[in-house]
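Structure, as structure tokens:
Values quoted throughout were computed directly from the atomic coordinates according to the rules given, and no laboratory measurement underlies them. Values in this document were obtained by computation on a predicted structure and should not be read as measured data. All Cβ positions, glycine included, derive from the backbone under ideal geometry; neighbour counts span all protein chains shown.
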Amino acid sequence: MKPIVRFAPSPTGKLHVGNVRTALVNWLFAAREGGEFILRIDDTDTGRSTKAYEDGIKEDLSWLGMNWSSSFNQSDRFDIYDDAANNLREAGLLYACYETSEELDRQRKILRAQGKPPVYDRTGLSLTPEDKAKLEAEGRTPHWRFKLSGKTTSWDDMVRGTQNIDTSSLSDPVLIRGDGSYLYTLPSVVDDIDANITHIIRGEDHVTNSGAQIEIFEALGGAVPKFAHTPLLVGSDGKGLSKRLGSLSMDQLRAQGIEPLAICSLLAKIGTSDPVEARQSMAELVEEFAFSKIGRAPARFDEKELALVNARLLHETPYADVKDRLDALGVAGGEDFWLLVRANLDKLGDAAGWSTVIYAPMPGQIANEDADFCAKAAEMLTGNIDENTWGAWTSALKEATGRKGKTLFLPLRMALTGRQRGPSMDQILPLLGTERAKARLMGKAG
Ligand code: GLU
């Protein structure tokens, strides 16, 4: 049976590295198994969800290379959730409660003070129709809780191994708020049943939810999917990322010039037994994906490591994969140019600087004490330049001037490129050509 998985973001904010990792694990697993990856937009919270966030999420997923076979919005399915809620009511598994949040807070405080777990006391379950009518006459509207069995729910988690949740230690979860709106818990199960989801893959902050949701699957007569709960991401300091996630959103990383494959390479590997390495395609990441490689310790996300992976990725990227973007950036130079400079880039945009060095009129940098030496070098640069020119020319210069090592090579590099470091000069020189090289050596904008 081919797996069917879903990524279910709430469009109440931007995609960040935390939820992208969840998306990626789902996507890689589906691709590895030849299954389906569905995008579900969890927009039951109509007050906080926006179309702009939804569009942004879709744009980011596409940019990252995670395509989906179908997508749907929970906000289109309220009638279906109403039917499911009615079924639960009829089965006596969804009951009305009338406490205000202040009253519930107070109850929890009292229980804690008594050293007891702050579990809801199920007052709602024992209300008679008269009690309810009286409460409603006071202006109260009910919220609705799912009646947990009080038994232990167990599953074999694909990351965490055997999990047991004692539902007697949990409050019956609220499925419908006082204003009639749905919390995520019930719609998620209804949708997972309707979409025949085979595997629910999400962050470990949902482990307790899973205990309750398994009972809702059973109550609605659905097949319970397999579960995988991945450890959360932490920063390089070991602390949670929640406060920094805003700056780790996909649009921010994109604006910084981070490549989508660098993000996917890093997020696919951190917290696993594989080394963190840049991969040139999603297909390689798919090939290497296995749940058995995901550890239980939090996965460390380090922006410095992301920058390194980004650079390493570019150093190996074939020209065909960047040609269009180089053209869009207005970077002059074709494949030869790319193969020459790519090992010197941290970001793709850095190629523009190298393109100026090689193809635009630009004065070199010549220190006063090197002016005569550079003029001599210009004089000795004759004829057509090819890859052997640099070696022969600098040997002749060494002979003629007595300079060697750094004092021989660095002034030439600075005069010709204006930079201390860069691609090998025997390859840069032919791209510059005789005239441009001579002009720069004489301190002119060549
Ligand atoms: N919208 C939920 C969230 O973002 C989905 C959780 C799930 O995958 O079930 O937390």
Inset, instruction - Please determine, by comparing only the residues of the range 67-99 that are touching a residue at least 60 places away in the same chain (Cβ under 8 Å) and aliphatic (A, V, I, L, M), which one is farthest from D121 (Cα to Cα). - result: I80
Legend entry - Residue tally, condition over 14 Å from A352 (Cα atoms) and in contact (Cβ under 8 Å) with a residue 24 or more places away in the chain, over the range 315-331: 5
Inset, instruction - Could you list, in sequence order, all residues of the range 185-197 that are in a loop (DSSP other than H, G, I, E, B) and among the small types (G, A, S)? - result: A195
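Within the group S181, S149, S126, which residue is small (G, A, S), surrounded by fewer than 20 Cβ atoms within 10 Å (Cβ to Cβ) and within 16 Å of the ligand (Cβ to nearest atom)?
When all the criteria are applied, what remains is S181.
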Legend entry - Unique match (being surrounded by fewer than 17 Cβ atoms within 10 Å (Cβ to Cβ) and in contact with a Phe, Trp or Tyr (Cβ under 8 Å, 6 or more places away or on another chain)) among K226, K243: K226
Inset, instruction - Go over the candidates D156, D131 one by one and state the one that is within 38 Å of the chain's Cα centre (by Cα), of a type in the set (D, E) and not in a loop (DSSP other than H, G, I, E, B). - result: D156
Inset, instruction - Kindly indicate whether any position in the range 142-150 is over 28 Å from S49 (Cβ atoms) and not in a loop (DSSP other than H, G, I, E, B). - result: no
Legend entry - Qualifying positions in the range 254-286 - on the phi > 0 side of the Ramachandran plot and either out of contact with any Lys or Arg (no Cβ under 6 Å at 6 or more places or on another chain) or surrounded by 23 or more Cβ atoms within 10 Å (Cβ to Cβ) (or both): G271
Legend entry - Near pairs, Cβ below 8 angstrom, 6+ apart or cross-chain, from the range 1-25 (within 12 Å of G56 (Cβ to Cβ) and near the ligand (Cβ under 10 Å from one of its atoms)) to any residue that is assigned to a helix (DSSP H, G or I) and basic (K, R): P11/K51
Legend entry - Total residues in the range 412-423, condition of a type outside the set (V, I, T), in contact (Cβ under 8 Å) with a residue 24 or more places away in the chain and over 15 Å from E379 (Cα atoms): 6
Inset, instruction - Within the range 170-184, identify whether any single residue is free of Cβ contacts under 8 Å to residues at least 40 places away in the same chain, of a type outside the set (A, V, I, L, M, F, W, C) and not in a loop (DSSP other than H, G, I, E, B), and answer yes or no. - result: no
Legend entry - Evaluation of I80 against (1) more than 14 Å from the ligand (Cβ to nearest atom); (2) touching a helix residue (DSSP H, G or I) at 6+ places or on another chain (Cβ under 9 Å); (3) assigned to a loop (DSSP other than H, G, I, E, B) (one fails), failing number: (3)
Inset, instruction - Specify the residue that is nearest to the ligand (Cβ to nearest atom); the eligible residues are those in the range 26-48 that are in a helix (DSSP H, G or I) and buried (at least 22 other Cβ atoms within 10 Å of the Cβ). - result: N26
